[in-house]
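Here is the structure we will look at.
The values are calculated or read from the model by the stated rules, or taken from the named source; none is laboratory data. None of the values given here were measured: they were computed from a predicted structure. Here the Cβ is made from the backbone with ideal geometry for all residues, glycine too, and neighbour counts use every protein chain on show. Please note that ligands, DNA and RNA were not included when accessible areas were found on the heavy atoms of the full protein model with its side chains. Shrake-Rupley method; radii C 1.70, N 1.55, O 1.52, S 1.80 Å.
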Amino acid sequence: MMCLDALQDQKALAALVNAAQIPDITCEKLEAALPSSRRTLTENRRYPGRALSVAASSLVYWLLENPPPNQGDNPGGWTASSAFSLKEIPAQSLTPDMVRQSAEQYPLDWTPDAHGKPFPQGAVLPQTQKNCFISLSHSGEWAAAALSPRPVGLDIQTANRRNVAMMKRIIRKFHPLEQAHLLSLED
């Protein structure tokens, strides 16, 4: 079952992984399993950015293969809100075989636009002809990916004093619900 079939009420799905827990040899095998259009971009990066990019790209395929079940409040470790469902996955969940098989089932062209963003208009998934919007992010040791039937943006930031100070300066640009949530957190 494809993840977009599991999305209800136009939710987004997001997954997060601690990329530092992916052994270097596994990261190299994950990169080799990615489509050539994505490998071209990751191979030109230096570590640790390269490993984070490979992990985030692999998460896209993990999400396509692992939708949340449609039952209960917290099925299988998914955290759900009205806007998205999120799951932190163990690093060992990202396997070269899973990436390779999912990439064959869902051939995505990772070629970026002039601004460096892949899929700015979404990606049409061949088996369903459904449009899928994809967003990737990474910070510190963490990599994340989001999928949605509507345009989606994802940004993760490792918390430190500098990031908290920056967030306080730009918080007015966030959605009001994001502002309220961020303001409710301790530094």
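Numerical summary
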quantity: Protection proxy ranking of 89-95, 20-26, 57-63 - average other beta-carbon atoms within 10 Å, highest first; calculated: 57-63, 89-95, 20-26
quantity: Dipole magnitude (debye, nearest 20) for the chain, charges at Cβ of Lys, Arg, Asp, Glu; calculated: 640 debye
quantity: Carbon/sulfur fraction of accessible area - the stretch 94-187, other protein chains in place, 1.4 Å, %; calculated: 53 percent
quantity: Burial order of peptide ranges 171-178, 131-138, 147-154, 79-86 (average beta-carbon count within 10 Å, highest first); calculated: 131-138, 147-154, 79-86, 171-178
quantity: Members of 130/168; 87/130; 29/168 lying beyond 30 Å, as alpha-carbon distances in this model show; calculated: 130/168; 29/168
quantity: Accessible area in square angstrom per residue, the chain, 1.4 angstrom probe; calculated: 58 Å²
quantity: Residue (of 14, 164, 26) at the positive-pole extreme of the chain, dipole from beta-carbon charges; calculated: 164
quantity: Dipole moment magnitude, nearest 20 debye, the stretch 128-187 about Cα centre, only Lys, Arg, Asp, Glu C-beta charged; calculated: 260 debye
